[in-house]
Amino acid sequence: MVPVYREGQGLLQNVRRLTAVLDRHKANFRYEVVLVNDGSPDDSLQCIEKLQRDRPEVIGVVSFVRNFGQIPAILAGMARAKGDCIVVISADLQDPPEMIPLMFDKWCAGNRTVLAVREGRKDKWTARVASRVFYSAMQRYALSSLPRGGFDFFLIDRTVADRVLANVEPNCFLQGQILYASGPVVQIPYTRQDRSSGAPGWTLDRRVKYFIDGFVGHTFAPIRMMSMIGILSLGAGIVLAGGLVAQGIFLGTRVAGWMSILIAVLILQGVQMVMIGVLGEYVWRALDQARNRVPYIVDYEALANGAKAGGAFEYAREPRVVEMAAPLNGQASGLKRASAPNTTPAAFAG
Ligand code: UDP
Ligand code: MG
């Protein structure tokens, strides 16, 4: 499945490259490509429709009423893909589609989740630094199983997709949800290429939000840190106050200086505001979850092979398999496969 936002004409060439790679492996698997148009303001939808007219047997279209973001687009694609396993790949092909057959082989060998992990990336240095800081903080404080460079390009078994879909959270950190539902994963290193055309759709504020989603979704460390800072500053205040009283009693000194008081007030006030902000990040997400809004609204869809067309409002699909992973410790999940992939003669990789 491919999320598409503002990819323009470059999309035609990229999807053709993707299908050409998959066609070369016709003997091994059948596939469909689900293209989810995430409310692109440009001609992406026209390009998707053209691709579908050319090859209706393999290209499926889902189009949102507006832009909901890459993660809702991926969730919509996962819900509609019919295959026994699903590959998620970016429309700009910064991740090489030539790796898909290798990922498929790993799946055939019995691995439920195969991650392509970035060894290096040919992005701008700012993107590289931001990604390094983000993923190391996530790995250290929130999800220790998250690969160092994160992952955007992956293959998951149908059962993993269904587990993720069974528990769709608003503002979810998708990589975390996938690791949470997967148990052991296989990693294949690769080098990420530069964008072939167009501009990235992920703006800085979206990245910052996604970073906070990851933290809030997978750790309480920030709240714990707030309590620690509170305890430390309270302790410091008590010690200083004791010192002043002792000075007054034994030495008779009077401490003057409103400046020092002002500094203390400003610093403590600042720390408190930051802490309220951190709490707020948790609280608004809880509210968003309580509202139970749908993660996306589909305007129109036409899946490959004419499986389904039309339908104005479509919400996240009912899960097919509700077989949850063991909480927290995915390693000891004791999950069983719904179907052994290596016994499936013809599988989809969508
Ligand atoms: N994308 C999307 N909705 C958005 C932003 C991006 O569906 O609001 C898609 C985009 O078309 C691409 C993928 O998500 O297929 C990754 O986006 P991008 O290339 O902008 O991100 P980056 O390469 O910087 O991770
Ligand atoms: Mg990209």
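The values are calculated or read from the model by the stated rules, or taken from the named source; none is laboratory data. Just so we're clear, the structure is a prediction, and the values are computed from it rather than from any experiment. Virtual Cβ from ideal backbone geometry, glycine too; neighbours counted across all protein chains shown.
Among the listed residues S90, S40, identify the single one that is over 28 Å from I188 (Cα atoms), within 16 Å of ligand 2 (Cβ to nearest atom) and either polar (S, T, N, Q) or crowded, with 24+ Cβ neighbours inside 10 Å (or both). It is S40. For segment 67-76, a tally of residues being within 16 Å of ligand 2 (Cβ to nearest atom) and in contact with a strand residue (DSSP E or B) (Cβ under 7 Å, 6 or more places away or on another chain) returns 3.
Kindly indicate whether G183 is at positive phi, more than 16 Å from ligand 1 (Cβ to nearest atom) and in contact with a Gly (Cβ under 7 Å, 6 or more places away or on another chain). Spell out how you get there, then give the answer.
Working: at positive phi: yes; more than 16 Å from ligand 1 (Cβ to nearest atom): yes; in contact with a Gly (Cβ under 7 Å, 6 or more places away or on another chain): yes.
Considered against the rule, which asks whether it is at positive phi, more than 16 Å from ligand 1 (Cβ to nearest atom) and in contact with a Gly (Cβ under 7 Å, 6 or more places away or on another chain), G183 comes out as yes.
I'd like the full set of residues that are within 15 Å of ligand 2 (Cβ to nearest atom) and among the hydroxyl-bearing types (S, T, Y), limited to segment 198-219. Result: T203, Y210. Of the residues in segment 111-128, at least one is small (G, A, S) and within 24 Å of L18 (Cα to Cα). Being part of a loop (DSSP other than H, G, I, E, B), surrounded by 11 or more Cβ atoms within 10 Å (Cβ to Cβ), among the aromatic types (F, W, Y) and at pLDDT 50 or above holds for only one residue in Y300, Y315, Y296, Y282, and it is Y296.
If the condition is being away from ligand 2 (no atom under 16 Å from the Cβ) and either among the hydrophobic types (A, V, I, L, M, F, W, C) or without any contact (Cβ under 8 Å) to a residue 24 or more places away in the chain (or both), then segment 77-87 contributes M78, A79, A81, C85, I86.
In segment 113-136, the residues that are buried (at least 17 other Cβ atoms within 10 Å of the Cβ) reach residues that are of a type in the set (S, T, Y) and in a strand (DSSP E or B) with C-beta atoms within less than 9 angstrom, at least six apart or across chains, in these pairs: A116/Y190; V117/Y190; R118/Y190; R118/T191; R121/T191.
Considering V239, V160, the condition of being away from ligand 2 (no atom under 16 Å from the Cβ), in contact with a Ser or Thr (Cβ under 8 Å, 6 or more places away or on another chain) and not basic (K, R) is satisfied by V160 alone.
Exactly one residue among R132, R207, R140, R163 is assigned to a helix (DSSP H, G or I), within 16 Å of ligand 1 (Cβ to nearest atom), over 13 Å from the mean Cα position of the chain (by Cα) and among the charged types (D, E, K, R), and that residue is R132. With the structure loaded, tell me whether L102 is aliphatic (A, V, I, L, M), modelled with pLDDT of 90 or more, closer than 17 Å to P189 by Cβ and surrounded by 20 or more Cβ atoms within 10 Å (Cβ to Cβ) or whether it fails that test. Taking the combined requirement at face value, the residue does not satisfy it.
For segment 166-204, the set of residues classified as in contact (Cβ under 8 Å) with a residue 60 or more places away in the chain, part of a helix (DSSP H, G or I) and not aromatic (F, W, Y) consists of A166, L174, I178, L179, A181, S182, listed by residue number. I'd like to know if segment 49-66 contains one or more residues that are in contact (Cβ under 8 Å) with a residue 24 or more places away in the chain and either within 16 Å of ligand 2 (Cβ to nearest atom) or touching a Pro at 6+ places or on another chain (Cβ under 6 Å) (or both). The answer is no, given that none of the residues of segment 49-66 is in contact (Cβ under 8 Å) with a residue 24 or more places away in the chain and either within 16 Å of ligand 2 (Cβ to nearest atom) or touching a Pro at 6+ places or on another chain (Cβ under 6 Å) (or both). Do we find a residue being within 30 Å of D213 (Cβ to Cβ), without any contact (Cβ under 8 Å) to a residue 40 or more places away in the chain and surrounded by 12 or more Cβ atoms within 10 Å (Cβ to Cβ) anywhere in segment 264-273? Within segment 264-273 (the criterion being within 30 Å of D213 (Cβ to Cβ), without any contact (Cβ under 8 Å) to a residue 40 or more places away in the chain and surrounded by 12 or more Cβ atoms within 10 Å (Cβ to Cβ)), the answer is yes, since at least one residue qualifies. Of everything listed in (1) over 22 Å from V186 (Cα atoms); (2) crowded, with 23+ Cβ neighbours inside 10 Å; (3) not aliphatic (A, V, I, L, M), the single unmet condition for W107 is (1). When segment 1-12 is limited to residues that are assigned to a helix (DSSP H, G or I) and within 13 Å of ligand 2 (Cβ to nearest atom), the one that is surrounded by the most Cβ atoms within 10 Å (Cβ to Cβ) turns out to be L11.
Count of segment 13-52 residues, restricted to those that are in a helix (DSSP H, G or I), under 20 Å from M99 (Cα atoms) and in contact with a helix residue (DSSP H, G or I) (Cβ under 7 Å, 6 or more places away or on another chain), is 5.
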